[in-house]
Amino acid sequence: MLETIIQTVDGTSLTLVNTLIIIGTSFLLGALISVVYMKTMKKTGYSPSFAVTLIMLPMIISVIILLVGNNVARAFSLAGAFSLIRFRSAPGEPKDIAYVFFTLAVGLCTGMGYLGYAVIFTAIMCVVMWGVEVTNFARMKTKTMKLKIVVPEDLNYEGTFDEILEDYALTYHLDQVRTRDFGALFELTYTLSLDESTSQKQLIDEIRCRNGNLNVTLIQSELMV
């Protein structure tokens, strides 16, 4: 009685043992992918819910493939049902999207019964992702920052901060000047290229000595050089 758990209209069936093996393998591989993701994203931070999603995706995809089988009509029906789903989370980083495709591929392999391929593919990809993180591959040694300096209206800001920026920044240029508080203040916006060893605190402290201890903001720019 337990040998077959689903009997379809076309006579095909899913056995309990095979289904449990496929779902169990998907779970283990998804858990391994999730662990590697958390380890490689530990420095930059990650979403716990996304790490859990990486465990669930291979199991979900494998079950979908099991249900579809070789039935084309059923495949179109499932495609139509899933087309109604809208992702409402904010777009992630390219690395996060790669992990999503990674888990989808593993789920497809396990759902089609290629458990050996799924294990080999997961092992290779996990080693690659771990190696990329350990070797700091493609990581920039310099970072581009946005610097915003608020100065009083009676301060001649032209060239006032050039000496400081030349000491701390590899490159810099003034992007924007605008007034604030009904013209009582000016806000200068610079784009800086800083070395990783540069002390951001010392940079800000020296700027504060020249702008009358008004606001100084240093943020990471999306533009990397």
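Brief remarks follow.
- Cα centroid of region 113-141 to Cα centroid of region 25-42, whole Å: 11
- Region 104-185: C-alpha gyration tensor shape, a/c 1.5 cut-off, then a/b vs b/c: prolate
- Based on C-alpha pairs under 8 angstrom that are at least 6 apart in sequence, region 142-220 has a relative contact order of 48 percent.
- Annotation note: GluC sites (Glu not before Pro) in region 153-225 located in DSSP loop regions with a Cβ neighbour count of at most 14 within 10 Å are Glu153, Glu158, Glu196, Glu222.
- Residue exposure proxy: Phe182, Phe161, Phe27, ordered by other Cβ atoms within 10 angstrom of their Cβ from fewest to most, comes out as Phe182, Phe27, Phe161.
- By the beta-carbon count within 10 Å of each Cβ, the least crowded to most crowded order of Met145, Met125, fewest first, is Met125, Met145.
- Across all directions, the average flat footprint of the convex hull enclosing the Cα atoms of region 142-220 is 4.7 nm².
Here, each number is a calculation from the coordinates, and none is a lab measurement. What you are looking at is a predicted structure, and each value in this text was computed from that prediction instead of being measured. Here Cβ is always computed from backbone atoms with ideal geometry, including for glycine, and neighbour counts include all displayed protein chains.
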